[in-house]
Amino acid sequence: MSNSILGVPQNAAPDAQREIRQQCRPVKFTATTASVDAKDRLDYWNWIQQPAFSLWPTDGRADGLNASLDWWHTGEVAFSDIRFRTDGKRPYVFELGRLNREVLAVRAFRHSNQIGLLGNEEVAFRSGEVHIYPFGREGRFITSHVDHVTAYIPFAMVGYDLSKSSEHIVFKSNSPVARILNATLCSTFDIIDDATASEARALGESFTGLVRSIIDKCHGGLSRREVFERARGAALRSFIHDHLCDRDLTIDLICSAFGASRATVYREFEPVGGIARYVKRQRLQRAMLDLAMTAGARGVISEVARKYGFQETSSFTRAFRDQFGAAPSDYVGQVDGSRALQKEFNKGWLSPSATQIDSWFVSDR
């Protein structure tokens, strides 16, 4: 009996080996807008990605879109390589659909200027970062270019439990974990295109083992009290984010909704400057995103100000300047073209609640 490696006989002729490997390829899907007329590219891109994603331009014009997708399915684990770019003048709104599958996304951003909301959390996806989050979470972002690779892994394969694990873990670009995950994902993509189905499955299982060890390291050993306090904190923030447009959002309303004392709520938000400051900051940040997603219609600043509880446009403008160092008008309909927005993007203010765990790994080195 001849020796074989992953189903390919070693003593087979080179041409036969290539033919066998070709027949044993992992499932792959490739799509690109380059093969589609410019006027049809947006519809095409949305069609191939439904129901997971949807996309539309902020100004209603769909030209200037260039995108490509490579997708591999290796048994339980899937991988994707997505590149998306506009002409730089027309930002797009990118929306994640709610999915029922319990799948974890491990996403490494090679290049990105995405900002927006992941669930109720303000986030920024920057170049070199790695983000881990449940793929079924709803999200809405504004962007003009994205280039990322992603692994999609079932919760059970990595021991992910929403009741005990953070809903969003982010590794900064200069962290050792981000470098390891980036390198591993990129090398996987270099290999998988020429791999057999068995080899691709082995690559998926190997990467899954790495991710599981990271998640175990992040969330292992939590006490019941710590799990409860983490869940309560997340629920409090979610409630606040859901009621940012409610003028009656007060400390009494929050305490009543959760049956919590004022002292408990004050203690929860003390590290971020207090509950009142937190609510005001979240309203201003949400207002900034709304302004950035509009096309600059007349009266939009006054409308957004009232939406988030500011009765006078002048008081909204002062608070906005204090928060961002620029006028609200500097943000209307802007992504790449706004120096003010780019400044805030680079500062990283958009991800205050993302779990930062890089130091755990650095200290163990």
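The values are calculated or read from the model by the stated rules, or taken from the named source; none is laboratory data. The shown structure was predicted, so the numbers you read here are calculated from the model rather than taken from an experiment. Methodologically, a virtual Cβ is constructed for each residue, glycine included, from the backbone with ideal geometry; neighbour enumeration extends over all protein chains shown. Accessible surface areas use protein heavy atoms only, side chains included; no ligands, DNA or RNA. Shrake-Rupley method; radii C 1.70, N 1.55, O 1.52, S 1.80 Å.
Tabulated data
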| quantity | calculated |
| --- | --- |
| Filter result for I132 (modelled with pLDDT of 85 or more, open to solvent by less than 30 Å² (accessible area, probe 1.4 Å) and not hydroxyl-bearing (S, T, Y)) | yes |
| Qualifying residue in the range 259-268 (condition: surrounded by 13 or more Cβ atoms within 10 Å (Cβ to Cβ), among the aliphatic types (A, V, I, L, M) and farther than 25 Å from R110 by Cα) | yes |
| 3 or more residues of a type in the set (A, V, I, L, M, F, W, C): qualifying strands (runs of 3 or more DSSP E) within the range 127-245 | 145-154, 169-171 |
| Yes/no for D216 being modelled with pLDDT of 85 or more and open to solvent by 60 Å² or more (accessible area, probe 1.4 Å) | no |
| Residue match in the range 230-239 (condition: closer than 25 Å to V123 by Cα and over 21 Å from the mean Cα position of the chain (by Cα)) | yes |
| The range 315-334 - residue that is in a helix (DSSP H, G or I) and over 21 Å from Y278 (Cα atoms) and, of those, modelled with the lowest pLDDT | D330 |
| Conditions (1) closer than 20 Å to G116 by Cβ; (2) at pLDDT 75 or above; number of the one not met by W349 | (2) |
| Subset of the range 154-187 (residues that are farther than 17 Å from C218 by Cα and either touching a residue at least 12 places away in the same chain (Cβ under 8 Å) or β-branched (V, I, T) (or both)) | P154, S173, N174, N182, T184, L185, C186 |
| Every residue from the range 277-314 that is of a type in the set (G, A, S), modelled with pLDDT of 90 or more and under 20 Å from D242 (Cα atoms) | A305 |
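Condition check ((1) within 17 Å of the chain's Cα centre (by Cα); (2) modelled with pLDDT of 85 or more) across all residues:
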| residue | (1), (2) |
| --- | --- |
| I153 | yes, yes |
| G159 | no, no |
| S173 | yes, yes |
| P176 | no, yes |
